[in-house]
Amino acid sequence: MRLQSEILRRGITEVLHFTTNRGLVGSLASQSLLSRPLLGEDAYLRHVLKLNSAFRPEESELFDKTEDWIRYVNLSISEVNGRFLEVSRRWHTNDDVWWCILSFDPQIMTHDGVWFATTNNSYDQCQRGQAEEGFDALFAQSIRRKKRGYNGNPWNVQRFGREPSHPTCEQAEVLYPESLSLEHLVTVYVEQDEHHDIAAGWLQEFDYQSVNVSVQPRKFMGRQN
């Protein structure tokens with residue numbers, strides 16, 4: 001399979017999703033990382049989880065409905081979307097909320113039903129595709145984000161010196177259908193030492209002892225461009 005070979009050639013070792021401590025507990029309880037609608041359908045998770053943002057633009061009636069995009073889990077390749085993480089931090093200001101990053105085996109990108117988005121899936125110039133063609137598009141020399149950016153001009157991004165394992169746009173997304181099993185979870189990143197033992201304890205409690213916990217503050221910065 002060429003897609004699998006290309007993942008290896010580019011040195012991609014992880015696909016990432018950031019969430020809150022409550023999101024981690026909820027995912028462990030359900031044994032899956034769930035798309036937004038499925039979170040609301042689970043009676044337990046409705047009380048435990050806090051969403052990363054108040055809403056997703058994909059929920060709007062005006063948004064492209066080629067697919068029911070909110071029924072996909074949003075993930076990033078190699079680095080998190082630092083811009084969206086900062087927005088999410090501002091939305092969650094309670095002292096009892098802290099952040100973690102779930103790192104999955106990159107082979108999940110070869111699973112059936114996965115889509116690739118060249119930039120933030122909510123942007124009007126986002127291009128989506130599947131399989132090898134969709135994956136390759138993430139690494140184009142130039143990616144269009146919006147017709148009109150903050151200065152009124154088209155908002156594009158160039159590849160320049162990005163590492164081979166990083167998509168051209170830091171906001172590129174892997175869209176995984178419905179739910180992603182935690183059997184593919186490899187590592188949980190946390191920012192502070194005090195959160196390490198808490199996360200490790202939860203993993204042990206839910207029988208995920210083989211999953212690593214690593215204190216890596218830099219992973220929460222992303223690679224902005």
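The values are calculated or read from the model by the stated rules, or taken from the named source; none is laboratory data. Note that this is a predicted model, so its numbers are computed, not measured. All Cβ positions, even for glycine, are placed from backbone atoms using ideal geometry, and neighbour counts span all protein chains on display.
Looking across the stretch 1-15, the residues that are exposed (fewer than 15 other Cβ atoms within 10 Å of the Cβ) and over 13 Å from P164 (Cβ atoms) come down to M1, R2, Q4, S5. What number of residues in the stretch 184-204 are free of Cβ contacts under 8 Å to residues at least 60 places away in the same chain and either in a loop (DSSP other than H, G, I, E, B) or surrounded by fewer than 15 Cβ atoms within 10 Å (Cβ to Cβ) (or both)? Final tally of qualifying residues: 5. Under 6 Å between Cβ atoms, at least 6 apart or on separate chains: pull out the pairs that start in the stretch 11-31 with a residue that is more than 25 Å from T110 (Cβ to Cβ) and end on any residue that is of a type in the set (D, E, K, R) and surrounded by 20 or more Cβ atoms within 10 Å (Cβ to Cβ). As it stands, the answer is none, since no pair meets every condition given. When Y208, Y123, Y176 are checked against the criterion of being outside any loop (DSSP other than H, G, I, E, B) and either among the hydroxyl-bearing types (S, T, Y) or modelled with pLDDT under 95 (or both), a single residue qualifies: Y176.
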